[in-house]
1. Just one of (1) surrounded by fewer than 21 Cβ atoms within 10 Å (Cβ to Cβ); (2) at pLDDT below 85 trips up residue 91, so point out which.
2. Filter region 251-307 down to residues that are among the basic types (Lys, Arg) and not in a loop (DSSP other than H, G, I, E, B), then give me how many there are.
3. Return only the number of the condition from (1) out of contact with any strand residue (DSSP E or B) (no Cβ under 6 Å at 6 or more places or on another chain); (2) part of a loop (DSSP other than H, G, I, E, B); (3) not acidic (Asp, Glu) that residue 212 does not satisfy.
4. Could you please find all residues in region 63-73 being surrounded by fewer than 21 Cβ atoms within 10 Å (Cβ to Cβ) and in contact (Cβ under 8 Å) with a residue 24 or more places away in the chain?
5. If I go through region 97-131 residue by residue, how many of them are more than 15 Å from residue 237 (Cβ to Cβ) and surrounded by fewer than 21 Cβ atoms within 10 Å (Cβ to Cβ)?
6. Of the residues 256, 273, only one is within 23 Å of residue 109 (Cα to Cα), of a type outside the set (Lys, Arg) and in contact with a strand residue (DSSP E or B) (Cβ under 6 Å, 6 or more places away or on another chain); which?
7. State which residue is surrounded by the most Cβ atoms within 10 Å (Cβ to Cβ) when the search covers only region 167-216 and only residues that are more than 30 Å from residue 26 (Cα to Cα) and β-branched (Val, Ile, Thr).
8. Give the residues of region 124-141 that are of a type in the set (A, V, I, L, M) and modelled with pLDDT of 95 or more, sorted by residue number.
Amino acid sequence: MITTVQQHIQQEMSEGRGTFGWLMSGITLATKMIEAKIRAAGLTDIYGALSSENVQGEQQQKLDVFANQALIHCLGTRDSVAALVSEEDEEPVVFDRSLDTGKYIIVFDPLDGSSNIDVNVNVGTIFSVHRRLTWGALTESVLQPGTSQVAAGYVLYGPSTVLVYTTGRGVHAFTLDPTIGAFVLTQENMKMPERGKYYSVNEANVASWPEGYQQYLVGLRNEGFGARYIGSLVADFHRTLLKGGVFLYPPNKVKAEGKLRLLYEANPLALIAEQAGGMATNGADRVLEVRPEAIHQRTPFMVGSRYEMETLGRALRA
(Lines give C-alpha, C1' and ligand atoms only; values in the text may rest on other atoms or scores of the structure.)
Protein backbone atom coordinates (compact mmCIF):
# COMPACT_ATOMS: atom_id res chain seq x y z
CA MET A 1 0.00 0.00 0.00
CA ILE A 2 1.15 3.56 -0.70
CA THR A 3 2.16 6.10 1.97
CA THR A 4 1.33 9.75 1.29
CA VAL A 5 3.13 12.77 2.74
CA GLN A 6 0.30 13.40 5.19
CA GLN A 7 0.31 9.78 6.37
CA HIS A 8 4.08 9.88 6.77
CA ILE A 9 3.87 13.03 8.89
CA GLN A 10 1.32 11.36 11.15
CA GLN A 11 3.77 8.52 11.68
CA GLU A 12 6.84 10.77 12.10
CA MET A 13 5.64 13.48 14.47
CA SER A 14 4.57 12.81 18.04
CA GLU A 15 3.31 16.37 18.68
CA GLY A 16 1.17 18.69 16.59
CA ARG A 17 0.61 16.08 13.94
CA GLY A 18 -2.74 17.41 12.80
CA THR A 19 -1.61 21.04 12.77
CA PHE A 20 1.65 20.38 10.98
CA GLY A 21 0.03 17.97 8.55
CA TRP A 22 -2.53 20.63 7.63
CA LEU A 23 0.31 23.11 7.09
CA MET A 24 2.17 20.65 4.85
CA SER A 25 -1.01 20.05 2.87
CA GLY A 26 -0.92 23.76 1.99
CA ILE A 27 2.61 23.38 0.65
CA THR A 28 1.79 20.27 -1.35
CA LEU A 29 -1.37 21.85 -2.78
CA ALA A 30 0.54 24.95 -3.89
CA THR A 31 3.33 22.89 -5.46
CA LYS A 32 0.80 20.78 -7.36
CA MET A 33 -0.68 24.01 -8.73
CA ILE A 34 2.82 25.16 -9.74
CA GLU A 35 3.59 21.78 -11.30
CA ALA A 36 0.41 21.92 -13.38
CA LYS A 37 1.29 25.41 -14.62
CA ILE A 38 4.83 24.32 -15.54
CA ARG A 39 3.50 21.32 -17.45
CA ALA A 40 1.36 23.71 -19.50
CA ALA A 41 4.24 26.09 -20.24
CA GLY A 42 4.45 26.62 -23.98
CA LEU A 43 0.77 25.81 -24.35
CA THR A 44 -0.31 28.87 -22.37
CA ASP A 45 1.11 32.36 -21.99
CA ILE A 46 3.31 31.55 -18.98
CA TYR A 47 6.79 31.62 -20.51
CA GLY A 48 8.87 34.77 -20.34
CA ALA A 49 9.72 37.65 -18.07
CA LEU A 50 7.70 40.53 -16.72
CA SER A 51 8.79 44.16 -16.81
CA SER A 52 9.09 44.18 -13.01
CA GLU A 53 11.96 43.24 -10.69
CA ASN A 54 11.71 41.55 -7.31
CA VAL A 55 13.30 42.81 -4.11
CA GLN A 56 16.56 41.11 -5.10
CA GLY A 57 16.84 43.31 -8.19
CA GLU A 58 16.21 40.27 -10.38
CA GLN A 59 13.81 40.33 -13.31
CA GLN A 60 10.66 38.45 -12.41
CA GLN A 61 9.45 35.62 -14.59
CA LYS A 62 5.72 35.07 -15.04
CA LEU A 63 6.03 31.74 -13.25
CA ASP A 64 7.83 33.43 -10.32
CA VAL A 65 4.76 35.53 -9.69
CA PHE A 66 2.34 32.64 -10.11
CA ALA A 67 4.33 30.37 -7.79
CA ASN A 68 4.56 33.07 -5.13
CA GLN A 69 0.84 33.78 -5.30
CA ALA A 70 0.00 30.07 -5.13
CA LEU A 71 2.02 29.54 -1.96
CA ILE A 72 0.66 32.66 -0.26
CA HIS A 73 -2.90 31.70 -1.22
CA CYS A 74 -2.64 28.09 -0.02
CA LEU A 75 -0.67 28.78 3.16
CA GLY A 76 -2.42 32.00 4.11
CA THR A 77 -5.61 30.07 4.81
CA ARG A 78 -3.87 27.84 7.36
CA ASP A 79 -4.56 29.11 10.89
CA SER A 80 -1.23 27.70 12.05
CA VAL A 81 0.74 30.17 9.86
CA ALA A 82 1.76 33.43 11.54
CA ALA A 83 3.89 34.82 8.70
CA LEU A 84 5.20 33.98 5.24
CA VAL A 85 8.60 35.13 4.01
CA SER A 86 9.22 34.92 0.26
CA GLU A 87 12.15 35.67 -1.99
CA GLU A 88 9.75 37.70 -4.12
CA ASP A 89 8.47 40.02 -1.37
CA GLU A 90 10.40 42.75 0.41
CA GLU A 91 8.65 42.21 3.75
CA PRO A 92 7.00 39.20 5.42
CA VAL A 93 3.30 38.62 4.81
CA VAL A 94 1.93 38.71 8.38
CA PHE A 95 -1.36 37.31 9.67
CA ASP A 96 -3.02 38.65 12.80
CA ARG A 97 -3.29 35.38 14.67
CA SER A 98 -2.72 34.55 18.31
CA LEU A 99 0.12 32.36 19.47
CA ASP A 100 -2.47 29.67 20.08
CA THR A 101 -3.09 29.30 16.37
CA GLY A 102 -0.29 31.14 14.51
CA LYS A 103 2.52 28.82 15.55
CA TYR A 104 4.68 28.70 12.44
CA ILE A 105 6.79 30.93 10.21
CA ILE A 106 7.36 29.66 6.68
CA VAL A 107 10.11 31.00 4.45
CA PHE A 108 10.38 29.96 0.82
CA ASP A 109 11.86 30.45 -2.61
CA PRO A 110 8.72 29.92 -4.69
CA LEU A 111 10.47 29.02 -7.94
CA ASP A 112 14.22 28.46 -7.76
CA GLY A 113 15.98 28.50 -11.13
CA SER A 114 13.07 30.23 -12.86
CA SER A 115 15.37 31.87 -15.42
CA ASN A 116 15.80 28.36 -16.87
CA ILE A 117 12.11 27.71 -17.39
CA ASP A 118 12.06 29.09 -20.94
CA VAL A 119 14.60 26.45 -22.00
CA ASN A 120 12.76 23.60 -20.22
CA VAL A 121 15.35 23.02 -17.50
CA ASN A 122 14.39 21.67 -14.06
CA VAL A 123 13.22 24.21 -11.49
CA GLY A 124 12.02 23.85 -7.92
CA THR A 125 10.42 25.24 -4.77
CA ILE A 126 12.42 25.43 -1.50
CA PHE A 127 10.80 25.89 1.91
CA SER A 128 11.70 26.10 5.59
CA VAL A 129 9.45 26.04 8.68
CA HIS A 130 10.21 27.69 12.05
CA ARG A 131 8.17 27.85 15.22
CA ARG A 132 7.00 31.31 16.17
CA LEU A 133 8.76 32.39 19.36
CA THR A 134 6.62 33.10 22.39
CA TRP A 135 8.67 36.22 23.20
CA GLY A 136 9.78 39.29 21.25
CA ALA A 137 8.56 40.70 18.00
CA LEU A 138 7.78 38.63 14.92
CA THR A 139 11.16 39.68 13.50
CA GLU A 140 12.95 37.50 16.05
CA SER A 141 10.85 34.55 14.97
CA VAL A 142 11.77 35.09 11.34
CA LEU A 143 15.50 35.63 11.94
CA GLN A 144 16.24 32.34 13.65
CA PRO A 145 19.33 30.25 12.81
CA GLY A 146 18.94 27.16 10.69
CA THR A 147 19.35 24.88 13.70
CA SER A 148 15.87 25.94 14.85
CA GLN A 149 14.09 24.73 11.73
CA VAL A 150 11.11 22.48 12.46
CA ALA A 151 11.11 21.19 8.89
CA ALA A 152 12.72 21.90 5.55
CA GLY A 153 12.24 20.63 2.05
CA TYR A 154 12.05 21.22 -1.64
CA VAL A 155 10.02 20.16 -4.64
CA LEU A 156 11.84 19.42 -7.88
CA TYR A 157 9.80 19.80 -11.07
CA GLY A 158 11.38 17.49 -13.64
CA PRO A 159 10.58 14.31 -15.57
CA SER A 160 8.76 13.45 -12.36
CA THR A 161 7.82 15.84 -9.57
CA VAL A 162 9.63 14.95 -6.35
CA LEU A 163 9.16 16.30 -2.83
CA VAL A 164 12.09 15.86 -0.41
CA TYR A 165 11.66 16.88 3.22
CA THR A 166 12.96 16.42 6.74
CA THR A 167 11.60 17.14 10.20
CA GLY A 168 14.93 16.28 11.80
CA ARG A 169 14.23 12.56 11.69
CA GLY A 170 15.92 11.63 8.45
CA VAL A 171 15.29 12.65 4.83
CA HIS A 172 12.43 11.23 2.81
CA ALA A 173 11.37 11.56 -0.83
CA PHE A 174 7.88 11.47 -2.31
CA THR A 175 6.94 11.37 -5.98
CA LEU A 176 3.77 12.96 -7.32
CA ASP A 177 1.52 10.23 -8.68
CA PRO A 178 -0.64 11.99 -11.29
CA THR A 179 -3.16 9.15 -11.32
CA ILE A 180 -4.26 9.91 -7.74
CA GLY A 181 -2.95 13.48 -7.35
CA ALA A 182 -0.86 12.72 -4.28
CA PHE A 183 2.82 12.66 -3.29
CA VAL A 184 3.64 9.05 -2.36
CA LEU A 185 6.69 7.76 -0.50
CA THR A 186 9.40 6.50 -2.85
CA GLN A 187 12.60 6.79 -0.74
CA GLU A 188 12.89 6.68 3.03
CA ASN A 189 15.86 7.64 5.22
CA MET A 190 17.93 8.85 2.28
CA LYS A 191 21.70 8.95 2.75
CA MET A 192 24.14 11.06 0.79
CA PRO A 193 27.15 8.95 -0.29
CA GLU A 194 30.21 9.71 1.82
CA ARG A 195 32.14 10.41 -1.36
CA GLY A 196 31.03 11.25 -4.89
CA LYS A 197 32.42 11.65 -8.39
CA TYR A 198 31.26 15.11 -9.37
CA TYR A 199 31.59 18.76 -8.43
CA SER A 200 28.95 21.33 -9.33
CA VAL A 201 29.96 24.96 -9.76
CA ASN A 202 29.90 27.85 -12.23
CA GLU A 203 33.53 27.67 -13.32
CA ALA A 204 33.24 30.91 -15.28
CA ASN A 205 33.81 32.71 -11.96
CA VAL A 206 36.89 30.74 -10.88
CA ALA A 207 39.37 33.57 -11.46
CA SER A 208 37.52 35.79 -8.98
CA TRP A 209 37.40 33.19 -6.17
CA PRO A 210 39.67 33.31 -3.10
CA GLU A 211 42.80 31.21 -3.58
CA GLY A 212 41.68 28.35 -1.32
CA TYR A 213 38.68 27.58 -3.52
CA GLN A 214 40.78 27.68 -6.67
CA GLN A 215 43.26 25.20 -5.23
CA TYR A 216 40.43 22.99 -4.00
CA LEU A 217 38.97 22.77 -7.50
CA VAL A 218 42.38 21.88 -8.93
CA GLY A 219 42.62 19.10 -6.35
CA LEU A 220 39.21 17.70 -7.32
CA ARG A 221 40.22 17.63 -10.97
CA ASN A 222 43.48 15.89 -10.12
CA GLU A 223 41.47 13.23 -8.27
CA GLY A 224 39.43 12.59 -11.41
CA PHE A 225 36.22 14.37 -10.42
CA GLY A 226 33.89 15.31 -13.27
CA ALA A 227 31.90 18.54 -13.61
CA ARG A 228 28.11 18.60 -13.53
CA TYR A 229 26.37 21.99 -13.38
CA ILE A 230 22.74 22.70 -14.27
CA GLY A 231 22.49 26.24 -12.90
CA SER A 232 19.29 25.45 -10.99
CA LEU A 233 20.12 25.10 -7.29
CA VAL A 234 17.44 22.52 -6.47
CA ALA A 235 18.42 20.31 -9.41
CA ASP A 236 22.15 20.52 -8.64
CA PHE A 237 21.52 19.80 -4.96
CA HIS A 238 19.19 16.88 -5.71
CA ARG A 239 21.89 15.21 -7.82
CA THR A 240 24.43 15.79 -5.04
CA LEU A 241 22.05 14.30 -2.46
CA LEU A 242 21.56 11.16 -4.56
CA LYS A 243 25.02 10.74 -6.08
CA GLY A 244 27.34 12.50 -3.65
CA GLY A 245 30.01 15.06 -4.52
CA VAL A 246 29.91 18.78 -3.81
CA PHE A 247 27.99 21.90 -4.84
CA LEU A 248 29.91 25.18 -4.59
CA TYR A 249 28.85 28.82 -4.71
CA PRO A 250 31.90 30.59 -3.23
CA PRO A 251 32.28 34.31 -2.62
CA ASN A 252 33.89 36.23 -5.46
CA LYS A 253 35.14 39.73 -6.19
CA VAL A 254 31.71 40.89 -7.38
CA LYS A 255 29.66 39.11 -4.69
CA ALA A 256 31.90 38.96 -1.63
CA GLU A 257 28.89 38.20 0.56
CA GLY A 258 27.81 35.35 -1.72
CA LYS A 259 24.74 35.10 -3.94
CA LEU A 260 22.37 32.54 -2.44
CA ARG A 261 19.95 33.52 0.30
CA LEU A 262 20.57 32.18 3.79
CA LEU A 263 17.00 31.81 5.07
CA TYR A 264 15.18 30.17 2.20
CA GLU A 265 17.90 28.57 0.08
CA ALA A 266 20.99 27.68 2.13
CA ASN A 267 19.39 26.80 5.49
CA PRO A 268 16.76 24.33 4.25
CA LEU A 269 19.21 22.54 1.95
CA ALA A 270 21.86 22.50 4.69
CA LEU A 271 19.44 20.81 7.10
CA ILE A 272 18.53 18.20 4.50
CA ALA A 273 22.22 17.60 3.72
CA GLU A 274 23.15 17.13 7.37
CA GLN A 275 20.19 14.85 8.02
CA ALA A 276 21.39 12.73 5.09
CA GLY A 277 24.97 12.56 6.43
CA GLY A 278 26.47 15.43 4.44
CA MET A 279 27.81 18.83 5.45
CA ALA A 280 27.23 22.50 4.57
CA THR A 281 29.40 25.56 5.19
CA ASN A 282 29.68 29.22 4.22
CA GLY A 283 33.45 28.78 4.04
CA ALA A 284 34.04 29.75 7.65
CA ASP A 285 31.15 28.37 9.70
CA ARG A 286 28.51 25.70 9.68
CA VAL A 287 25.64 27.24 7.72
CA LEU A 288 22.99 26.18 10.22
CA GLU A 289 24.69 28.07 13.06
CA VAL A 290 24.77 31.45 11.31
CA ARG A 291 22.36 33.91 12.94
CA PRO A 292 20.53 35.86 10.21
CA GLU A 293 20.46 39.65 10.35
CA ALA A 294 18.04 40.25 7.45
CA ILE A 295 15.38 38.18 5.69
CA HIS A 296 17.12 38.44 2.31
CA GLN A 297 20.66 37.99 3.64
CA ARG A 298 23.03 36.38 1.18
CA THR A 299 25.71 33.80 1.89
CA PRO A 300 28.42 31.75 0.23
CA PHE A 301 27.21 28.15 0.17
CA MET A 302 29.10 24.90 -0.16
CA VAL A 303 27.32 21.60 0.46
CA GLY A 304 28.03 17.98 -0.21
CA SER A 305 29.45 14.65 0.85
CA ARG A 306 31.54 14.37 3.98
CA TYR A 307 34.79 13.54 2.15
CA GLU A 308 34.55 16.49 -0.24
CA MET A 309 33.49 18.91 2.49
CA GLU A 310 36.27 17.89 4.87
CA THR A 311 38.75 18.26 2.01
CA LEU A 312 37.35 21.75 1.33
CA GLY A 313 37.79 22.69 4.98
CA ARG A 314 41.47 21.73 4.86
CA ALA A 315 41.97 23.68 1.63
CA LEU A 316 40.42 26.84 3.10
CA ARG A 317 42.51 26.59 6.27
CA ALA A 318 45.77 26.11 4.36
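The values are calculated or read from the model by the stated rules, or taken from the named source; none is laboratory data. Predicted, not measured: the structure shown is a model, and the values here were computed from it. For neighbour counting, all protein chains shown are included, and Cβ atoms are generated from backbone atoms with ideal geometry for every residue, glycine included.
1. It fails just one condition, (2).
2. 4
3. (2)
4. Selection gives 66, 73.
5. 11
6. 273
7. Residue satisfying both the conditions and the ranking: 201.
8. Answer for region 124-141, where residues must be of a type in the set (A, V, I, L, M) and modelled with pLDDT of 95 or more: 126, 129.
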